[in-house]
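Heads up: the structure comes next, in structure tokens.
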Amino acid sequence: MNKDIITVTSPLLPDLGEFNKILKDIWERKWITNNGHYHQELEKALAEYLKVPYVSLFTNGTLPLITALQALRISGEVITTPYSFVATTHALWWNGIKPVFVDIDWKTGCIDPNKIEAAITPQTTAIMPVHVYGKPCDMKAIQNIADKYGLKVIYDSAHAFGVEVNGESVLNAGDMSTLSFHATKVYNTIEGGAMIMHDEETKKRIDYLKNFGFTGETEVIAPGINSKMDEMRSAYGLLNLKQVDAAIESRHQVAIKYREALRGVEGIEFWDDLPGVKHNYSYFPIFVNAKKYGMTRDELYFKMREQNVFGRRYFYPLISDFSTYRGLPSATPENLPVATKMANEVICLPMHHALTEEDVHRVINCIIR
Ligand SMILES: Cc1ncc(COP(=O)(O)O)c(C=O)c1O
């Protein structure tokens, strides 16, 4: 690979020497999956780190979404955002649920609570919002609507590792929350994910569901799935947990430099930190107003690529624009003007723990004209 390339992300990797030592221990234990020692340790450590009562590890961030919907027996229609990774809506499809797309708020990229009520029908059973880029949704407003109409709330918190509002984890909101530990995320276990729940009974039920529904040697209580995290990735996750704070701080410093350099650049918009929020700096989206900037988003994106700076048009296209979902009544661009504008203007700049001062300057120099 060309050394000059600046990638949009780079995986946080544990120290290989330390990982090797743990691998040796796993080899000696000869217990490599099915709720092993490191799996249990990681669930405990994550619950503490994330300030949540219960964590159930999964093999990726998509299966906990699918399983949460199963566990809560969600059916009919679910209100969700088109401005996310496609797995959010796929999880509904895998459960035979009709997605109903609601527009987003320009200030956060998250679902706009003011537009939710108009989308509720007698078939609506739940709301599935996304803390997109780790920006907290308006959780209070969403819960008020859910309570008023008797709806469940499942947060796709794939981007929201460690995010807190006034000292409280956003993962505690709603009925359940899910995380992704994919290699591209702030905190990764290569592939991996988790579900956050409020009580021990639910934790037990989820643990059964991710293991085919087995409650013991001879009993299966539900048509569960296989989504167990193995011992190698659990151990890798324990090592990464030790360095994730430093990684988030490095990202924070990059965000500070981007903001300093880009503030005042005509036609380039970005978000500042929100008061009372502990951010994880998982992404740094900018929004390109072609008229004011004098260049379209795509022109800038490809100009950056020519200079070996790889941003990402994330999220573009909208989920509602993919062929699977395009035919839904709620998928029309007229129903989703803010999300459509954001998808057409966004570039996520390179953002990871290992960006150097020089890398950051190269990115900035692509944008400043
Ligand atoms: C918002 C969102 N939801 C769900 C997922 C799915 O997670 P995974 O890739 O771990 O299955 C992702 C992953 O990129 C995501 O960004």
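Table for the structure above
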{"read-out": "Inter-residue pairs, beta-carbon under 6 Å, first over 14 Å from Gln70 (Cα atoms) and in the stretch 202-229, second of a type in the set (Val, Ile, Thr), 6+ apart", "value": "Phe214/Val220; Thr215/Ile221; Lys228/Thr33; Met229/Thr59"}
{"read-out": "Selection from the stretch 193-238 of residues that are within 23 Å of Glu18 (Cα to Cα), part of a helix (DSSP H, G or I) and either more than 21 Å from the chain's Cα centre (by Cα) or small (Gly, Ala, Ser) (or both)", "value": "Glu231, Met232, Ser234, Ala235, Gly237"}
{"read-out": "Total residues in the stretch 128-156, condition of a type in the set (A, V, I, L, M) and more than 15 Å from the ligand (Cβ to nearest atom)", "value": "7"}
{"read-out": "Count of residues meeting criterion [out of contact with any Phe, Trp or Tyr (no Cβ under 8 Å at 6 or more places or on another chain), in a helix (DSSP H, G or I) and either free of Cβ contacts under 8 Å to residues at least 40 places away in the same chain or farther than 16 Å from Val363 by Cβ (or both)] in the stretch 255-279", "value": "2"}
{"read-out": "Condition met for Arg205 (of a type in the set (D, E, K, R) and surrounded by fewer than 18 Cβ atoms within 10 Å (Cβ to Cβ))", "value": "no"}
{"read-out": "Of all residues in the stretch 158-188 being in a helix (DSSP H, G or I) and within 16 Å of the ligand (Cβ to nearest atom), the one that is nearest to Ala47 (Cα to Cα)", "value": "Leu171"}
{"read-out": "Some residue of the stretch 134-141 being surrounded by fewer than 20 Cβ atoms within 10 Å (Cβ to Cβ) and within 30 Å of Val244 (Cα to Cα)", "value": "yes"}
{"read-out": "Hey, Ser282 assigned to a loop (DSSP other than H, G, I, E, B), crowded, with 21+ Cβ neighbours inside 10 Å and in contact (Cβ under 8 Å) with a residue 60 or more places away in the chain or not", "value": "yes"}
{"read-out": "Options Glu345, Glu334; residue that is acidic (Asp, Glu) and surrounded by 18 or more Cβ atoms within 10 Å (Cβ to Cβ)", "value": "Glu345"}
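Conditions tested, residue by residue: (1) modelled with pLDDT of 95 or more; (2) of a type outside the set (A, V, I, L, M, F, W, C); (3) within 30 Å of Trp27 (Cα to Cα).
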residue	(1), (2), (3)
Lys204	yes, yes, yes
Asp207	yes, yes, yes
Lys210	yes, yes, yes
Lys228	yes, yes, yes
Ala235	yes, no, yes
Leu262	yes, no, no
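The values are calculated or read from the model by the stated rules, or taken from the named source; none is laboratory data. Bear in mind that the values here come from a model prediction, so they are computed numbers and not experimental data. Reconstructed Cβ throughout: ideal geometry from the backbone, glycine too, with neighbour counts over all protein chains shown.
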